[in-house]
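Below: the structure, in structure tokens.
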Amino acid sequence: MIGYEKPKHPLITIIDYSKVETNPAHYNAKIVTDFYIISLKTPSPKSLRYGRQYYDFEEGTMMFMAPDQVFSVSELNEQIKYEGWGIYFHPDLIINSSLGKRIKEFQFFSYAVSEALHLSEEEKNTLTSIAGNIQKEYNGNIDKYSQGVIITAIEQLLNYSQRFYGRQFITRQKLNSDLLSTFEKLVFDYFNSSDIAKKGLPSVDYFSNKLNLSTSYLADLLKKETGKTTKEFLQIQIIEKAKNKLLNSTDTVNEIAYSLGFEYPQYFYRLFKTKTGMTPVEYRQIN
């Protein structure tokens, strides 16, 4: 499709972007692959679209894509010579390896592109060095050890990427703080709206869509800043709201459950007991 040489291995290929010619025929085409993509391309495309989001590209920005995700490029500068590399590998490459067992731990494969990894020069050199080792192994004589060596290097690259994302959360603390404040307000407004019983319990997707974040990025951001998952954070708000209603109203426990958006009161009973160690009735009696 991109006019590059055929892969030398059936489950992985390494792309040198300096050898790829841009093709206007591909602009705005929605592309879905059945393989993983780890890519660093400089200078960055002006508008790589991934799902409904745009990458906030900077110099040295990496993108990660998982199988069955949709992306498209709306524009490339045909006068610019691009550089960088891409590692494209099929899930079958890692299926029987330790990486295959833990690939889901690397949630950045599910991040929206606007939450890309922005690298320092040193970080870029570290990852490019690992990619170079994969390239050497890929271009060498394939033997029974090649696949294991390549998978180990990919896992090392992903481990570094995870570390660098952790750094990014820290260096973008002001942005993260603003996002968390907005998230907390959205949660507060949702649970204090008059039609919560009609709307039902909020989903994590509801808040991530409101914040223009992927659900996995919101989860990682909350975990980093508060030590809690999105689900845990929402459950805390539900319990606090329930406690307030139990102590300051004469509504029955079932009525309170429905007013908080629970379709079935027994779910409310179970959650309250799990989080407080007592039933709603016991909490009301004791307090």
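The values are calculated or read from the model by the stated rules, or taken from the named source; none is laboratory data. Computed from a predicted model, the values in this text were never measured in an experiment. All Cβ positions, glycine included, derive from the backbone under ideal geometry; neighbour counts span all protein chains shown. In case anyone asks, the SASA skips ligands and DNA or RNA and just uses the protein heavy atoms, side chains included. Shrake-Rupley method; radii C 1.70, N 1.55, O 1.52, S 1.80 Å.
Of all residues in region 198-212, exactly one satisfies the criterion of being assigned to a loop (DSSP other than H, G, I, E, B) and of a type in the set (Ser, Thr, Tyr), namely Ser203. Thr226 meets all of the listed conditions (1) surrounded by fewer than 16 Cβ atoms within 10 Å (Cβ to Cβ); (2) modelled with pLDDT of 90 or more; (3) of a type in the set (Ser, Thr, Tyr) but one, namely (2).
One residue alone among Glu232, Glu282 is surrounded by fewer than 18 Cβ atoms within 10 Å (Cβ to Cβ) and closer than 30 Å to Gln107 by Cα, and that residue is Glu232. Pairs meeting the criteria (first residue in region 1-16 and closer than 18 Å to Asp34 by Cα and open to solvent by less than 70 Å² (accessible area, probe 1.4 Å), second residue outside any loop (DSSP other than H, G, I, E, B) and among the polar types (S, T, N, Q), beta carbons under 6 Å, at least 6 apart or on different chains) are Ile14/Gln135.
Given the residues Lys224, Lys241, which is the only one that is within 16 Å of Asn192 (Cβ to Cβ) and part of a helix (DSSP H, G or I)?
On the way: Lys224 fails: within 16 Å of Asn192 (Cβ to Cβ).
Just a single option satisfies the conditions, and that option is Lys241.
Here Phe183 meets the list (1) without any contact (Cβ under 8 Å) to a residue 60 or more places away in the chain; (2) part of a loop (DSSP other than H, G, I, E, B) almost entirely, failing just condition (2).
I'd like to know if region 118-127 contains one or more residues that are in contact with a Phe, Trp or Tyr (Cβ under 9 Å, 6 or more places away or on another chain), part of a helix (DSSP H, G or I) and of a type outside the set (A, V, I, L, M, F, W, C).
Yes, region 118-127 contains at least one residue that is in contact with a Phe, Trp or Tyr (Cβ under 9 Å, 6 or more places away or on another chain), part of a helix (DSSP H, G or I) and of a type outside the set (A, V, I, L, M, F, W, C).
Residue-level analysis places Thr152 outside the set of residues that are under 25 Å from the mean Cα position of the chain (by Cα) and farther than 22 Å from Ser110 by Cα. Please go through region 107-117 and pick out each residue that is open to solvent by less than 40 Å² (accessible area, probe 1.4 Å), in a helix (DSSP H, G or I) and farther than 15 Å from Leu157 by Cβ. Within region 107-117, Val113, Ser114, Glu115 qualify.
Here is a yes/no grid of residues against (1) of a type in the set (D, E, K, R); (2) modelled with pLDDT under 90; (3) within 30 Å of Gly132 (Cα to Cα); (4) out of contact with any helix residue (DSSP H, G or I) (no Cβ under 9 Å at 6 or more places or on another chain):
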{"residue": "Gln162", "(1), (2), (3), (4)": "no, no, yes, no"}
{"residue": "Gly200", "(1), (2), (3), (4)": "no, yes, no, yes"}
{"residue": "Leu247", "(1), (2), (3), (4)": "no, no, no, no"}
{"residue": "Tyr258", "(1), (2), (3), (4)": "no, no, no, no"}
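Given the options Leu175, Leu179, Leu186, Leu221, name the one that is open to solvent by less than 30 Å² (accessible area, probe 1.4 Å), hydrophobic (A, V, I, L, M, F, W, C) and within 28 Å of His118 (Cβ to Cβ).
Values: Leu175 fails: open to solvent by less than 30 Å² (accessible area, probe 1.4 Å); Leu179 fails: open to solvent by less than 30 Å² (accessible area, probe 1.4 Å); Leu186 fails: open to solvent by less than 30 Å² (accessible area, probe 1.4 Å).
So the residue among Leu175, Leu179, Leu186, Leu221 that is open to solvent by less than 30 Å² (accessible area, probe 1.4 Å), hydrophobic (A, V, I, L, M, F, W, C) and within 28 Å of His118 (Cβ to Cβ) is Leu221.
Only one of the numbered conditions (1) of a type outside the set (Gly, Ala, Ser); (2) in a helix (DSSP H, G or I); (3) in contact (Cβ under 8 Å) with a residue 24 or more places away in the chain is violated by Lys104, and that is (3). Considering the conditions (1) at pLDDT 85 or above; (2) open to solvent by less than 50 Å² (accessible area, probe 1.4 Å); (3) not in a loop (DSSP other than H, G, I, E, B), Phe71 is excluded by exactly one of them, (1). Within region 137-153, residues that are open to solvent by 80 Å² or more (accessible area, probe 1.4 Å) have Cβ atoms under 7 Å from residues that are part of a loop (DSSP other than H, G, I, E, B) in these pairs: Ile142/His9, counting only partners at least 6 apart in sequence or on another chain. Contact map, region 231-256: first residue closer than 20 Å to Leu186 by Cβ and among the aliphatic types (A, V, I, L, M), second residue open to solvent by 60 Å² or more (accessible area, probe 1.4 Å) and not in a loop (DSSP other than H, G, I, E, B), Cβ cut-off under 8 Å, separation 6 or more or different chains; pairs are Ile236/Lys275; Ile239/Lys275.
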